[in-house]
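A.B. asks: Sharing a structure here in structure tokens format.
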Amino acid sequence: MKLTWLYRNFKSDLDLIEKELEEAVSSNSELVENASFKLLKAGGKRIRPVFVLLSAKFGDYRIETVKNVAMALELIHMASLVHDDVIDDANMRRGLPTINYIWDERVAMYTGDYILARSLEYMTDIPNPLLHKKLSKAIVEVCIGEIEQIKDKYWFDQPLRNYLRRIKRKTALLIAVSCELGAIAGNTEESIYRRLYRFGYFIGMSYQITDDILDFTSSEEELGKPAGDDLRQGNVTLPALYAMRDPQVKAKIEKVSHKTDKEEMSRIIKLIKDTGAIEQSHQLSRRYLDKALGILEELPESKAKRPLKEIANYIGRRRY
């Protein structure tokens, strides 16, 4: 089952958001508009808007209000992808050339800044200080996470807690905030939006760990980039951390750099797989997922519960 099939019950609302995303990235500058559209047309799962919409259904669901929160979260995510590609000097994103590859780093950075600024514009139409406070705090944490990712490149001796803190800021936080802000926009009780935040956090942790596993287990066609590319760029993820508990494997992994060719990378990926690190990583991802599903059971009955559970289970078993 594909994620788009799970979105079928609120397709019209998502279509509205997709249309507005196109308007959001339009600009008087042809260069900025072309660069922004390049990223938008590369697609994406739109997980953050979906979580905003579903969380709002636990309260007073008004698409006119909720869509602005969904827009803001997706635009922030898009901006972070542009900045990520610059930091990683990435040439491909979802199988297409990145903005920094087509133009240059300066164009990419300002495009990311432009998209971020547009996200804040959408939030100004919502007169709720709590939403603004929580969103600004989240942006601060995401920025810290980006800086930490730069600092941690090729740090092969980093502790596990360092990796977990980094993926919290990189991925889990925006998913958690998507759930939380959607619920707040729907005027739910505090006990509900706090639970939805925790649900989103656990889902986000599981989602990123699965992403990091797929970097070693999927094909280049599925990933839209070479397998093992995260490690080549210096991003030491969970499977590598587990695999490096074997000193001989660690000695091989520590030699990886951006100059490592595909043949050598394939050998290192096999070594990582042979240690059982992939299975260990799946186990941790599943533990986070189980925590999320447990919180979902604590929430009051709503039409949103079933699709949230279906999406959570999809995340846990996806293979690309």
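The values are calculated or read from the model by the stated rules, or taken from the named source; none is laboratory data. Note that the coordinates shown come from a computational prediction; the quantities given were computed from them, not determined experimentally. Positions of Cβ are generated from backbone atoms using ideal geometry, with glycine treated the same way; all protein chains shown enter the neighbour counts. Only protein heavy atoms, including side chains, enter the accessible area calculation; ligands, DNA and RNA are left aside. Shrake-Rupley method; radii C 1.70, N 1.55, O 1.52, S 1.80 Å.
A.B. asks: Being at pLDDT below 95, touching an Asp or Glu at 6+ places or on another chain (Cβ under 9 Å) and among the β-branched types (V, I, T), is that true of even one residue in segment 216-226?
C.D. replies: Within segment 216-226, none of the residues are at pLDDT below 95, touching an Asp or Glu at 6+ places or on another chain (Cβ under 9 Å) and among the β-branched types (V, I, T).
A.B. asks: Has segment 15-26 got any residue that is open to solvent by 30 Å² or more (accessible area, probe 1.4 Å), of a type in the set (A, V, I, L, M) and modelled with pLDDT under 90?
C.D. replies: Scanning segment 15-26, I find no residue that is open to solvent by 30 Å² or more (accessible area, probe 1.4 Å), of a type in the set (A, V, I, L, M) and modelled with pLDDT under 90, so the answer is no.
A.B. asks: I've got another one for you. On the given criteria, is I272 open to solvent by less than 30 Å² (accessible area, probe 1.4 Å), at pLDDT below 95 and of a type in the set (V, I, T)?
C.D. replies: The answer is no for I272.
A.B. asks: Residues of segment 1-14 being at pLDDT 80 or above and either open to solvent by less than 10 Å² (accessible area, probe 1.4 Å) or touching a helix residue (DSSP H, G or I) at 6+ places or on another chain (Cβ under 8 Å) (or both), which ones?
C.D. replies: Quick first cut of segment 1-14, residues at pLDDT 80 or above only: 11-14.
Residues satisfying the conditions are D13, L14.
A.B. asks: Restricting segment 255-266 to residues that are within 18 Å of V236 (Cβ to Cβ) and assigned to a helix (DSSP H, G or I), which is least open to solvent (accessible area, probe 1.4 Å)?
C.D. replies: M265
A.B. asks: Grab the helices (runs of 4 or more DSSP H) fully contained in segment 27-133, keeping just those with 1 or more residues being farther than 30 Å from N187 by Cα and open to solvent by 20 Å² or more (accessible area, probe 1.4 Å).
C.D. replies: On the way: elements: 30-41, 47-56, 63-88, 99-102, 105-123.
Fully inside segment 27-133 and qualifying: 30-41, 63-88, 99-102, 105-123.
A.B. asks: So which of M92, M78 is in contact (Cβ under 8 Å) with a residue 24 or more places away in the chain and either within 19 Å of V140 (Cα to Cα) or among the β-branched types (V, I, T) (or both)?
C.D. replies: Being in contact (Cβ under 8 Å) with a residue 24 or more places away in the chain and either within 19 Å of V140 (Cα to Cα) or among the β-branched types (V, I, T) (or both) holds for just one of M92, M78, which is M78.
A.B. asks: While we're here: Does any residue of segment 176-192 turn out to be under 23 Å from A90 (Cβ atoms), open to solvent by 50 Å² or more (accessible area, probe 1.4 Å) and not aliphatic (A, V, I, L, M)?
C.D. replies: no
A.B. asks: Still on this model: Which pairs have Cβ atoms under 9 Å, sit 6 or more apart or on different chains, and link a residue in segment 39-57 that is on the phi > 0 side of the Ramachandran plot to one that is open to solvent by less than 10 Å² (accessible area, probe 1.4 Å) and at pLDDT 80 or above?
C.D. replies: G44/E74; G44/M78; R46/I17; R46/L21; R46/A70; R46/E74
A.B. asks: For segment 215-226, which positions are in a helix (DSSP H, G or I), open to solvent by 10 Å² or more (accessible area, probe 1.4 Å) and not polar (S, T, N, Q)?
C.D. replies: The answer is E220, E221, E222, L223.
A.B. asks: Of everything in segment 134-175, what is buried (at least 20 other Cβ atoms within 10 Å of the Cβ) and over 14 Å from the mean Cα position of the chain (by Cα)? Give them in sequence order.
C.D. replies: Listed by number, the residues that qualify are L135, Y163.
A.B. asks: Another question, then. What number of residues in segment 294-320 are of a type outside the set (K, R), assigned to a helix (DSSP H, G or I) and either open to solvent by less than 30 Å² (accessible area, probe 1.4 Å) or in contact (Cβ under 8 Å) with a residue 60 or more places away in the chain (or both)?
C.D. replies: 11
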